[in-house]
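As structure tokens, the structure follows; a few thoughts come after it.
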Amino acid sequence: MVNICRKHNIRLVPLLDLLGHQSYRTTLGNLLRVYPEFDETPKIPMPTEWNFPNNPGGLIMKSYCPNHPDVHTVVFHLVDELMDVFEADWFHAGMDEVFFIGHDDCPRCRGIDKAELFAQEVRTIHNHLSQKNRRMMIWGDRLLDGKFTGTWMWEGSMNVTHRAIDMIPKDIFICDWHYERAHLTPVLFAAKGLDVASCPWRIPDVAVAQFDDMVRFRQQSGPAMGNRFQGIIQTAWGSAEQLMREYYAPTPDRGQSVGACLKSVMNKLKALAR
């Protein structure tokens, strides 16, 4: 993979979910399975059956405690090994869908401002990467006010972490994912001094709207802000085989699939290049 990306001038960016996403439905992630002492919410059990939103303790996904004295020793060993293996100079830290932070179950974090806790963890990871001149990417949802942007609890924050947008380094690259609607939130990130890319998933019409928005934002902004609109990053939450099969299958571009979505973006790019 490293050799292929180098040959075709593709930047390979490893991703490791940090802070949030430490469980999924009824499955606990490896970090908290091996190091249960890192759990931000140790009193909330993993459900045996998925019954959202009625899981015990309102569980959606577990987080690790950003203030545990040993957590970064373990996490940064994982990050460094991943970066070295992939010979990468950019790293995607995840940081999305953090529902448990500053929880009352955690003796180290309870009572602390959730935005400051989130920003603190972003800065801690950023500082570690900066020591080896590596750039940091994160998903943008926790930096959006879910209520006032209409992005709500998944694509935005309902637990005030959005204020962290003013507390993080400006060289962090934001992956602004929106799958059902082309929200205009890239403008917010760019206005805050952050590079941003829109991230569609499987609806071609949404991806096309995001592409057109990116072009328009660049054209209608001055150089300082316009250059922060970095384009489109297609997400694909499945196998590479599935993506290629959908991309090359003779199905209408407006069909809802990752392959059709990517094809719609590539067609726009080709038209723009003419």
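The values are calculated or read from the model by the stated rules, or taken from the named source; none is laboratory data. Just so it is clear, the model here is predicted, and its values are computed rather than measured. Here Cβ is always computed from backbone atoms with ideal geometry, including for glycine, and neighbour counts include all displayed protein chains.
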_Can you tell me how many residues within the range 32-53 are touching a residue at least 24 places away in the same chain (Cβ under 8 Å) and among the charged types (D, E, K, R)?_
4
*Keeping to the range 40-63, report how many residues are of a type in the set (K, R) and surrounded by fewer than 17 Cβ atoms within 10 Å (Cβ to Cβ).*
1
*asked:* Considering only residues that are outside any loop (DSSP other than H, G, I, E, B), closer than 13 Å to L18 by Cβ and not hydroxyl-bearing (S, T, Y), which ones fall in the range 31-76?
replied: L31, L32, F38, V71, H72, V74, V75, F76
*Which ones in the range 169-178 are part of a loop (DSSP other than H, G, I, E, B) and either touching a strand residue (DSSP E or B) at 6+ places or on another chain (Cβ under 8 Å) or in contact (Cβ under 8 Å) with a residue 40 or more places away in the chain (or both)?*
P169, D171, I172, H178
_Need pairs with beta-carbon distance below 7 Å; first residue among the polar types (S, T, N, Q) and within the range 58-70, second surrounded by 16 or more Cβ atoms within 10 Å (Cβ to Cβ); sequence gap 6+ or separate chains._
S63/L19; S63/G20; S63/Q22; S63/E40; S63/V98; S63/F100; S63/I101; N67/C109
*Can you pull out the residues in the range 219-274 that are charged (D, E, K, R) and without any contact (Cβ under 8 Å) to a residue 12 or more places away in the chain?*
E241, K270, R274
*Looking at P200, is it buried (at least 23 other Cβ atoms within 10 Å of the Cβ), out of contact with any Cys (no Cβ under 9 Å at 6 or more places or on another chain), within 14 Å of G231 (Cα to Cα) and in contact (Cβ under 8 Å) with a residue 40 or more places away in the chain?*
no
_Criterion first (touching an Asp or Glu at 6+ places or on another chain (Cβ under 6 Å), farther than 26 Å from D171 by Cα and loosely packed, with under 15 Cβ neighbours inside 10 Å) does R33 satisfy it?_
no
*asked:* Six or more apart or on different chains, Cβ atoms under 6 Å: show the pairs whose first residue is in the range 97-111 and on the phi > 0 side of the Ramachandran plot and whose second is at pLDDT 95 or above and buried (at least 19 other Cβ atoms within 10 Å of the Cβ).
replied: E97/G20; G102/C109; G102/K114; G102/L117
*Return the pairs, sorted by first residue and then second, in which the second residue is surrounded by fewer than 17 Cβ atoms within 10 Å (Cβ to Cβ) and not hydrophobic (A, V, I, L, M, F, W, C), the first residue lies in the range 122-134 and is more than 17 Å from D166 (Cα to Cα) and modelled with pLDDT of 95 or more, the beta carbons are less than 6 Å apart, and the residues are 6+ apart or on different chains.*
R134/D89
*Report yes if V98 is in a helix (DSSP H, G or I) and either in contact with a Phe, Trp or Tyr (Cβ under 6 Å, 6 or more places away or on another chain) or surrounded by 12 or more Cβ atoms within 10 Å (Cβ to Cβ) (or both), otherwise no.*
no
*Residues of the range 4-30 that turn out to be without any contact (Cβ under 8 Å) to a residue 60 or more places away in the chain, surrounded by 13 or more Cβ atoms within 10 Å (Cβ to Cβ) and in a strand (DSSP E or B), as a count*: 3
*asked:* L144 - would you say it is of a type in the set (A, V, I, L, M), without any contact (Cβ under 8 Å) to a residue 60 or more places away in the chain, buried (at least 18 other Cβ atoms within 10 Å of the Cβ) and farther than 29 Å from F189 by Cβ?
replied: no
_I'd like the full set of residues that are out of contact with any helix residue (DSSP H, G or I) (no Cβ under 8 Å at 6 or more places or on another chain) and in a loop (DSSP other than H, G, I, E, B), limited to the range 114-146._
Q131, N133
*Of all residues in the range 185-203 being assigned to a loop (DSSP other than H, G, I, E, B) and within 17 Å of the chain's Cα centre (by Cα), which is modelled with the lowest pLDDT?*
R202
